[in-house]
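Notes follow the structure.
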Amino acid sequence: MQRTDMYTHREKRLTIVGGGLLGAAIGYGAAKAGAEVTILDQGDNALRASRGNFGLVWVHGKGTTMPPYVDWTLQGLRLWPEFQEELLNRTGVDSGLENPGGFWLGFSEAEVEKRATALEGINKNGTKVPFEILDRSDLRNYLPGIGDAVVGGSFCPLDGHANPLMLLRALHMGLNQLGARVVNGVTVTDIQHDAPDGRFVAVADDGTRWSGDRIVLAAGLGNASLASHLDIHAPVLPTRGQVLITERLQPFLHYPTNKCRQTKEGSVQLGSTAEDTGVDDGTTSDKIEWLVRRGVETFPALADAKLVRAWGALRPLTPDGYPIYQESERFPGGYVVSSHSGVTLAASHAELLGPWVSGLTQTPPEFTSFRGERFLDTDSSFSNGY
Amino acid sequence: MATEPYFVIPAKPGSSTVTITFEGRKIVVPAGISVAAALLAGGVGVFRTSIVSAAPRAPFCMMGVCFECLVEIDGISGRQSCMVPVTDGMAIRRQEGSSALDVSEGAKDDV
């Protein structure tokens, strides 16, 4: 991104609504760039998508209907290793990034063929996402113990995984060390403009006022109602994902897959469902059973593993599953950011969006694809990929 | 290692007992109690070693929450001994680190 003119002092105060992976990463990047950052985070009853994230750092298969998103994701993956190093050096917290490549696994020939066609289609748009289609015996060279139910799959050497909770912790520690202010228990319900006490004022449900020169809405599902205050259309809806985790096991699964992954600590995470259940982030026994069955079909030895926990979380999804990154035209200095790929895109959100929302870089041309108005086109229909 | 138990389960007149083994050593305990209680009363100090540090561990909560009391019972590793009642002939072993899955070819094709 091109640097524009340097700050004037009165433009430095940046308010970010939302302290999840998105808000924290952007705030971290902005604070590093010199902004005076205040993050307004909700309380313990918040619907925290960041705490339910499956942890994949992933590109292959994404962006079938939006080429700029493929490039944006590839850029995110390129920036991740250095970002991981920086966070580790600054905070001592290991976000756990590993990128040995990742596997998508299919249970039928038809499914694998459809996958191959989709991956070829993505690269026809000019992007270069390396991938390979493998049959079961090829897969077994990389994934010993894979079950006979797995017919084939795809592999991309760029993919990997990280620990979402440790990443969130590292970002918050980093924010603290950079002098950013994170305020918990603030539920923002209104945004005011050019008020006597500030250019942008976030007003909380208890009447407290938080003023700044710039504002970023990174409020997950909350953006659906807040974005209109910046005259931006952000129709974000919840899709529930349930995931399971096993006891810690000795390492046997050396690559993340779309159905399960073994963490650095040894536990195996099985995921995930995609359910339209409104704002209910609970768990259900039928979905837990479905996930277990699928996990055991994928790796029969998992039948011997003990599950220790199941949880649900709500993905804040736009109708097409791609992000919204947009500065308000009516209220310059006001931004809306919505993405459910808070782990994959963490480095980009910090290093690229941080300076952007601070007014230090121009809007990248490809961001025209990420504007919320695309959902107002009545001739289009959308599918979020889940 | 000392095998003098820290815990004693008072004998009730007329109550039945079962015999279990820990690392091959026979322990006679009252029927109906948990494996964790039986092992503690039988003088067992180290139930498992930590996955992270290999430090010795023993039961803490005795109610299924802390996962400190994991042992191998009848060949199945990683079981919460405070949640499993003793049965006669039960063979219990110390849980060393994390459980391992057998992913060798054909190990579980029948599932």
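See the values below:
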{"read-out": "Qualifying residue in region B:60-73 (condition: within 27 Å of residue A:299 (Cβ to Cβ), within 14 Å of chain A (Cβ to nearest Cβ), open to solvent by 40 Å² or more (accessible area, probe 1.4 Å) and not in a loop (DSSP other than H, G, I, E, B))", "value": "yes"}
{"read-out": "Members of region A:243-268 found to be farther than 23 Å from residue B:96 by Cα and open to solvent by 20 Å² or more (accessible area, probe 1.4 Å), listed by number", "value": "A:255, A:258"}
{"read-out": "Subset of region A:242-284 (residues that are within 14 Å of chain B (Cβ to nearest Cβ), touching a residue at least 40 places away in the same chain (Cβ under 8 Å) and basic (Lys, Arg))", "value": "A:264"}
{"read-out": "Among residues of region B:74-84, those that are crowded, with 21+ Cβ neighbours inside 10 Å and hydrophobic (A, V, I, L, M, F, W, C), counted", "value": "1"}
{"read-out": "Among residues of region A:15-49, those that are part of a loop (DSSP other than H, G, I, E, B) and farther than 23 Å from residue A:315 by Cα, counted", "value": "3"}
{"read-out": "Count of residues meeting criterion [under 25 Å from residue A:248 (Cβ atoms) and surrounded by fewer than 16 Cβ atoms within 10 Å (Cβ to Cβ)] in region B:22-48", "value": "3"}
{"read-out": "Any hit, region A:121-134, residues being touching a helix residue (DSSP H, G or I) at 6+ places or on another chain (Cβ under 9 Å), acidic (Asp, Glu), within 14 Å of residue A:17 (Cβ to Cβ) and assigned to a strand (DSSP E or B)", "value": "no"}
{"read-out": "Positions within region A:204-228 being under 13 Å from residue A:17 (Cα atoms), polar (S, T, N, Q) and surrounded by fewer than 18 Cβ atoms within 10 Å (Cβ to Cβ), in sequence order", "value": "A:225"}
{"read-out": "Checking residue A:138 against (1) out of contact with any strand residue (DSSP E or B) (no Cβ under 6 Å at 6 or more places or on another chain); (2) assigned to a helix (DSSP H, G or I); (3) open to solvent by less than 50 Å² (accessible area, probe 1.4 Å), the condition it does not meet", "value": "(3)"}
{"read-out": "Single residue of region A:296-351 satisfying the filter (among the hydroxyl-bearing types (Ser, Thr, Tyr) and more than 17 Å from the chain's Cα centre (by Cα)) that is farthest from residue A:16 (Cα to Cα)", "value": "A:298"}
{"read-out": "Checklist (1) over 27 Å from residue B:17 (Cβ atoms); (2) facing chain A (nearest Cβ under 10 Å) applied to residue B:53, failing item", "value": "(2)"}
{"read-out": "Residues within region B:75-106 that are part of a strand (DSSP E or B) and more than 7 Å from chain A (Cβ to nearest Cβ), tallied", "value": "11"}
{"read-out": "Lone qualifier among A:146, A:133 - being open to solvent by 50 Å² or more (accessible area, probe 1.4 Å) and at pLDDT 95 or above", "value": "A:133"}
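So that you can scan it fast, the table gives a plain yes or no per residue for (1) in contact with a strand residue (DSSP E or B) (Cβ under 7 Å, 6 or more places away or on another chain); (2) of a type outside the set (Phe, Trp, Tyr); (3) surrounded by fewer than 22 Cβ atoms within 10 Å (Cβ to Cβ); (4) not assigned by TED's automatic domain parsing to the domain that holds residue A:148:
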{"position": "A:270", "(1), (2), (3), (4)": "yes, yes, no, no"}
{"position": "A:274", "(1), (2), (3), (4)": "yes, yes, yes, no"}
{"position": "A:285", "(1), (2), (3), (4)": "no, yes, yes, no"}
{"position": "A:290", "(1), (2), (3), (4)": "no, no, yes, no"}
{"position": "A:307", "(1), (2), (3), (4)": "yes, yes, yes, no"}
{"position": "A:312", "(1), (2), (3), (4)": "yes, yes, yes, no"}
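Okay, residues lined up against (1) closer than 26 Å to residue A:244 by Cα; (2) acidic (Asp, Glu):
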position	(1), (2)
A:296	yes, no
A:315	yes, no
A:320	no, yes
A:323	no, no
A:326	no, no
A:329	no, yes
A:335	no, no
A:358	no, no
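The values are calculated or read from the model by the stated rules, or taken from the named source; none is laboratory data. Everything numeric here is computed off the predicted structure, so don't read it as measured data. Positions of Cβ are generated from backbone atoms using ideal geometry, with glycine treated the same way; all protein chains shown enter the neighbour counts. These accessible areas exclude ligands, DNA and RNA; they are computed on the full protein's heavy atoms, side chains included. Shrake-Rupley method; radii C 1.70, N 1.55, O 1.52, S 1.80 Å.
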